[in-house]
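Report on the structure given below.
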Amino acid sequence: MTDIQKMYIGGEWVDSISGESLEVRNPATGEVVGRAAFGDHRDALRAIDAAHAAFPEWSRLLARERSRYLYRLYELVYQHRNELAELVSAEMGKPIREAKGEVVGSADYFLWYAEEAKRVYGETIPSSFPNKRILVHRQPVGVVAAITPWNFPVNMVARKIAPALAAGCTVVLKPAEATPLSAIRLFELIHEAGFPPGVANLVIGQPDKVGEAFLKSPKVAKIAFTGSTRVGKLLMAGAAEHVKRVSLELGGHAPTLVFADADLDLAVKGVFESKFRNTGQMCICTNRLYVERSVAEPFVERLVARVKKAKVGDGRNPDVEVGPVINERGLEKVLNHIEDARSKGAAVVCGGNRLTEGDYAKGYFVEPTVLTGVERGMRVLEEETFGPVLPVAVFDTEDEAIRLANDSPYGLAAYVYTRDLGRAVRVAEALEFGIVGVNDGAPVQTQAPFGGFKESGLGREGGHHAMDEFLEIKHISLAW
Ligand code: NAD
C-alpha cells in the first residue's frame with residue numbers, strides 16, 4: 001500500500017489525530033497517485049495554535065529577513081518545477097505544459113512577494129494641532145487561515161501564502177481534498193527553505209470541520225478563500241461572529257465579446273485558450289461567447305475548426321491540449337449542461353459527448369463542445385460549467401453586448417475583441433468585472449490585481465494590492 005503522506009504542523013510532519021487518510025486518484029486513469037493524512041477540527045486547532053505561537057516572532061522579524069526566506073522558497077520551487085508539475089498533472093489531470101506554467105508562475109509569487117515584503121510603507125499626515133503628529137503604520141493582521149481549490153493546486157496556495165508571509169502573518173493552509181499531494185510537496189520545500197516552526201502549517205481534512213475550526217477560533221484573524229461562491233458565502237457568514245477579515249476569490253461566468261471589427265484569428269486563439277485551458281476548469285474561463293451577428297457564422301466556423309483539432313487525453317502526454325475533468329461530479333455537471341441546452345433547442349456544433357472508447361474509458365473525458373443558439377434559461381448561460389463547453393450567442397449592437405455581458409451575478413473576468421480603440425475603452429469601462437482582457441485571452445500576471453466584482457468575491461490577490469489583504473492600518477497619534 002502507498003505510504004501515507006503527512007500534514008505539516010509546528011515544523012513537524014504529523015499524522016491526523018483520527019488516523020484517517022485519503023486516497024488521491026488521477027482523473028485521467030483512475031490510478032492511485034498517493035495517500036494523504038486526512039484530519040478534522042482537532043488537527044486544525046493544533047495548527048492554529050502553532051501559527052498563533054509563531055506569530056509574535058515572525059511578525060517582528062525585519063522585513064529583509066522575511067524576504068530572504070521567501071527568496072529561498074522561490075529558488076526551491078523553481079528548481080523543483082518539473083517534478084512539481086508532474087505531480088500537479090498526475091493528481092488533477094491538466095496537460096503537463098500547463099502544469100509547468102502553473103508551477104513557474106507559483107515560484108514567481110514567492111519572488112514577487114520576497115520583494116514586496118520590504119515595501120510595506122506607512123504615511124505621515126499633516127495634523128490639525130501644532131502639538132500632534134499623525135503616523136500611519138501597516139501591521140500584519142495575525143494568523144491567516146487559507147483554503148484553496150483543486151484547479152490550480154500549487155498556484156492558488158502560492159498566491160495566498162506568499163503575500164501573507166511577506167506581510168508578517170503566519171498561515172494555516174487547507175488544500176482541496178482532490179489535490180493534497182502537490183501542497184505537501186510545496187510544504188516540504190517550505191521546510192527545506194528553513195522557515196521557523198509554526199510560520200506555515202498544512203492541514204488536510206474534512207472541509208466543514210476544518211472550516212468551522214477556522215471560523216470559531218478567535219486566534220484566526222483572517223480567512224483567505226478561493227473556491228465556489230456557495231462555500232464563500234458560508235465562510236463570510238461564519239466570519240461575522242468574530243468579525244474576521246475575509247478575502248474571497250469565488251466563481252465566475254466570464255463573457256467574451258467578439259465585435260465584427262476584431263482580428264478574428266487573434267479572437268479564435270484567445271477564445272480557445274480562455275475556454276479550453278485547464279479543461280475549462282478556471283474561474284476566469286470564458287463561459288459565454290457573444291459574437292456580432294455579421295461575423296458570427298465565419299467566426300464560429302473557424303473556432304470550431306480549431307476546437308476539433310484539440311487532442312484530448314491524459315495530461316502527462318505532451319501532445320494533449322485538453323485533459324479530463326476532475327471527477328464524477330464534475331463530469332455529470334458538464335454533461336447535464338450540454339443535455340439541458342440541447343433539450344431547450346441549442347445546436348451542438350461539435351463535441352457534446354463523454355469519451356468512453358479505449359483509454360478514455362478509465363477517466364472523466366468530455367469532447368470539447370461548442371453549442372450555438374443558446375438562450376437565457378439554459379443552465380450553461382447561468383451557472384459556471386467548469387468544463388470544456390462553449391455556448392455561443394449573437395448580438396447586434398455595442399449596448400446590447402454590454403448588457404448581455406453584465407447580466408450575471410458574477411463579475412470576475414470578461415474578454416473583448418475589437419480593433420477599435422474607442423470601443424475597447426468604452427466597453428472595458430462599462431463591464432462590471434474585476435478583470436477585463438482586451439484582445440487578451442490570458443489576462444493574469446503576478447504583478448496585476450486579480451479578483452471579482454459582485455458575487456465573484458471580495459479583495460484582490462496578486463500585485464502590491466494583495467499585501468493590503470494581510471495588513472491592518474494603525475493610526476498612531478503622537479502628542480506632546
Ligand atoms: P469548493 O468551494 O467546493 O472548494 C474549495 C475549497 O473549499 C476546498 O478546499 C474545499 O475543501 C473547501 N470547502 C468546501 N466546503 C467547505 C466548508 N464548508 N468550509 C470550509 N471549506 C470548505 O470549490 P472547488 O470545486 O474546489 O473549486 C472550484 C471553484 O473555485 C469554482 O467555483 C471556481 O470558479 C472557483 N475558483 C475561483 C478562483 C478565483 O480566483 N476567483 C480561482 C480558482 C477557482
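Read-outs: derived from the displayed coordinates by stated rules, not from any lab. Quick caveat: nothing in here was measured; it's all calculated off a predicted structure. Cβ placement follows ideal geometry from the backbone for every residue including glycine, while neighbour counts extend to all protein chains displayed.
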Is the range 360-374 home to any residue that is β-branched (Val, Ile, Thr) and either part of a helix (DSSP H, G or I) or farther than 19 Å from residue 276 by Cβ (or both)? no
Take the residues of the range 222-245 that are part of a strand (DSSP E or B) and buried (at least 22 other Cβ atoms within 10 Å of the Cβ): which is nearest to the ligand (Cβ to nearest atom)? 226
Those residues that are under 26 Å from residue 21 (Cα atoms) and either surrounded by fewer than 24 Cβ atoms within 10 Å (Cβ to Cβ) or within 9 Å of the ligand (Cβ to nearest atom) (or both), I need them from the range 156-178; list them, please. 156, 174, 175, 176, 177, 178
Please verify whether residue 190 is touching a strand residue (DSSP E or B) at 6+ places or on another chain (Cβ under 9 Å) and away from the ligand (no atom under 12 Å from the Cβ), treating the condition exactly as stated. yes
Out of all the residues in the range 232-261, which are among the β-branched types (Val, Ile, Thr) and touching a residue at least 24 places away in the same chain (Cβ under 8 Å)? 246, 256, 258
What are the residues in the range 446-464 that are of a type in the set (Phe, Trp, Tyr) and within 11 Å of the ligand (Cβ to nearest atom), if any? 450
Could you tell me which of the residues 102, 91, 65, 83 is in a helix (DSSP H, G or I), of a type in the set (Asp, Glu), surrounded by fewer than 22 Cβ atoms within 10 Å (Cβ to Cβ) and within 23 Å of the chain's Cα centre (by Cα)? 83
Could you please give the count of residues in the range 246-278 that are within 19 Å of residue 382 (Cα to Cα) and within 13 Å of the ligand (Cβ to nearest atom)? 6
Please work out if residue 319 is surrounded by 15 or more Cβ atoms within 10 Å (Cβ to Cβ), out of contact with any strand residue (DSSP E or B) (no Cβ under 7 Å at 6 or more places or on another chain), at negative phi and not in a helix (DSSP H, G or I). no
Of the residues that make up the range 205-216, is at least one more than 10 Å from the ligand (Cβ to nearest atom), surrounded by fewer than 23 Cβ atoms within 10 Å (Cβ to Cβ), over 22 Å from residue 111 (Cα atoms) and not hydrophobic (A, V, I, L, M, F, W, C)? yes
With the condition kept exactly as written, say whether any residue in the range 292-302 is farther than 24 Å from residue 452 by Cβ, more than 23 Å from the chain's Cα centre (by Cα) and outside any helix (DSSP H, G or I). yes
Would you be able to say whether some residue in the range 336-346 is within 16 Å of the ligand (Cβ to nearest atom), more than 21 Å from the chain's Cα centre (by Cα) and without any contact (Cβ under 8 Å) to a residue 12 or more places away in the chain? no
Go through the range 279-322 and give me each residue that's within 22 Å of residue 82 (Cα to Cα), within 16 Å of the ligand (Cβ to nearest atom) and touching an Asp or Glu at 6+ places or on another chain (Cβ under 7 Å). none
Requiring at least 1 residues that are surrounded by fewer than 16 Cβ atoms within 10 Å (Cβ to Cβ) and of a type in the set (Ser, Thr, Tyr), the strands (runs of 3 or more DSSP E) wholly within the range 385-480 are 471-479
If you check residue 213 against the conditions, is it in contact with a helix residue (DSSP H, G or I) (Cβ under 7 Å, 6 or more places away or on another chain) and of a type in the set (Gly, Ala, Ser)? yes
Pick from the range 375-384 the residues that are surrounded by fewer than 20 Cβ atoms within 10 Å (Cβ to Cβ), within 16 Å of the ligand (Cβ to nearest atom) and in a loop (DSSP other than H, G, I, E, B): which of them is farthest from the chain's Cα centre (by Cα)? 382
Checking residue 291 against (1) out of contact with any His (no Cβ under 6 Å at 6 or more places or on another chain); (2) under 30 Å from residue 24 (Cβ atoms); (3) touching a residue at least 60 places away in the same chain (Cβ under 8 Å), only one condition comes out false. Which one? (2)
